[in-house]
Amino acid sequence: MPEQPYEPEGVIAGTGMGGAMDLGASEATTLEKGPGAPPGGGPAGRPRSLWSDAWRDLRRNPVFLLSALVILFLVFISLWPSAIASGSPLSCDLAKSQDGPGPGAPFGYDGQGCNVYTRTVYGARTSVTVGVLATLGVAVLGSVLGGLAGYFGGWWDALLSRTTDIFFAIPVILGGLVLLSVVTSNTVWPVIGFMVLLGWPQISRIARGSVITARQHDYVQAARALGASDSRILLRHIAPNAVAPVIVVATIALGTYISLEATLSYLGVGLKPPSVSWGIDISAASPYIRNAPHALLWPSGALAVTVLAFIMLGDAVRDALDPKLR
């Protein structure tokens with residue numbers, strides 16, 4: 001008669017004091033998971049990912065909720081400014097120059113007799129457009145170049161490192177004064193192109209460091225041992241686990257690009273009239289700060305709130321995606 005295999009009815013679990021106790025299989029499983037722990041660590045028995053944990057933390061973070069509401073409002077008025085502001089931002093009446101708040105003009109009028117409220121609302125479109133498009137361009141270009149350099153290394157990594165050193169040595173404001181002073185276009189594209197040109201090295205170094213860290217993990221080595229191609233390893237295994245720092249830096253940088261556009265427009269090399277921009281309005285209202293301070297305070301306040309909202313959003317995202325802060 002063949003011998004039956006032995007099937008243990010219990011397991012031995014350490015007591016934490018040098019002894020042991022005999023537990024059944026179900027009790028041992030409960031002890032391992034802890035009381036009240038959901039099966040598998042998440043809904044439907046599936047373990048929670050970094051992104052699901054981050055989203056759960058963000059929904060409970062008042063800083064994230066407040067900044068997200070402000071940003072959603074800015075996006076709304078950027079897409080449909082006429083929903084809350086009537087009239088054209090280019091419609092001005094010199095007879096109302098520097099007048100205070102009145103019917104239809106709660107923010108008063110600037111030195112040219114333009115409605116400050118209408119121009120402030122329409123100025124959000126320019127700032128949000130420049131910030132979003134510049135951030136997307138910087139994130140895509142920097143992530144691709146930095147990711148490839150971090151993964152393949154060698155001469156490509158050395159060339160990219162020396163190139164970024166050269167770009168970091170260029171002062172941003174001085175570079176904008178030199179490069180944009182010869183541009184005659186009134187569109188946002190030259191400003192966006194300048195920001196992408198000088199902004200990608202920062203994202204590139206962040207992406208390079210994240211990829212170098214991710215490629216040393218066991219799951220990458222296992223995928224390579226199974227014969228996965230370099231493109232599959234980069235897109236399926238490394239990119240999802242290395243993109244979090246890039247998202248954090250890009251979110252914070254978005255507010256910086258909005259501020260940079262206003263600064264360049266204030267200096268006269270960014271957007272130019274008849275374009276509507278907070279930087280243009282701040283520059284035009286500066287000489288009248290004593291007689292009409294409202295023309296300067298409202299666009300300046302809108303710019304400050306917008307930049308602060310994106311910086312707060314970036315800080316909240318950083319805290320949610322950083323495992324060391326959990």
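The values are calculated or read from the model by the stated rules, or taken from the named source; none is laboratory data. Here the structure is a predicted model, which is why all the values come from computation and not from measurement. When we count neighbours, we look across all protein chains shown, and the Cβ atoms used for this are built from the backbone with ideal geometry, even at glycine. Accessible surface is based on the protein model in full, side chains and every heavy atom, while ligands, DNA and RNA are left aside. Shrake-Rupley method; radii C 1.70, N 1.55, O 1.52, S 1.80 Å.
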Inset, instruction - Search segment 53-81 for residues that are more than 21 Å from Trp278 (Cβ to Cβ) and pair each with any residue that is in a loop (DSSP other than H, G, I, E, B) and open to solvent by 60 Å² or more (accessible area, probe 1.4 Å) when their beta-carbon atoms are under 9 Å apart and the residues are at least 6 apart or on different chains. - result: Asp53/Arg326; Arg56/Arg48; Asp57/Arg326
Inset, instruction - Please indicate, with yes or no, whether at least one residue in segment 23-44 is at pLDDT 50 or above and β-branched (Val, Ile, Thr). - result: no
Inset, instruction - Would you mind finding the one in Gly154, Gly113, Gly108, Gly102 that is open to solvent by less than 70 Å² (accessible area, probe 1.4 Å), free of Cβ contacts under 8 Å to residues at least 40 places away in the same chain and touching an Asp or Glu at 6+ places or on another chain (Cβ under 7 Å)? - result: Gly113
Legend entry - Within segment 288-324, considering residues that are under 24 Å from Gln98 (Cα atoms) and polar (S, T, N, Q), the one most open to solvent (accessible area, probe 1.4 Å): Asn291
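I need the helices (runs of 4 or more DSSP H) fully contained in segment 172-249, keeping only those with at least 1 residues that are open to solvent by 60 Å² or more (accessible area, probe 1.4 Å), touching a residue at least 24 places away in the same chain (Cβ under 8 Å) and touching a helix residue (DSSP H, G or I) at 6+ places or on another chain (Cβ under 8 Å).
On the way: elements: 172-180, 189-214, 218-225.
The helices (runs of 4 or more DSSP H) meeting that bar are 172-180, 189-214.
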Inset, instruction - Quick one: which residue in Leu141, Leu159 is out of contact with any helix residue (DSSP H, G or I) (no Cβ under 6 Å at 6 or more places or on another chain), of a type outside the set (Gly, Ala, Ser), modelled with pLDDT of 90 or more and open to solvent by 60 Å² or more (accessible area, probe 1.4 Å)? - result: Leu159
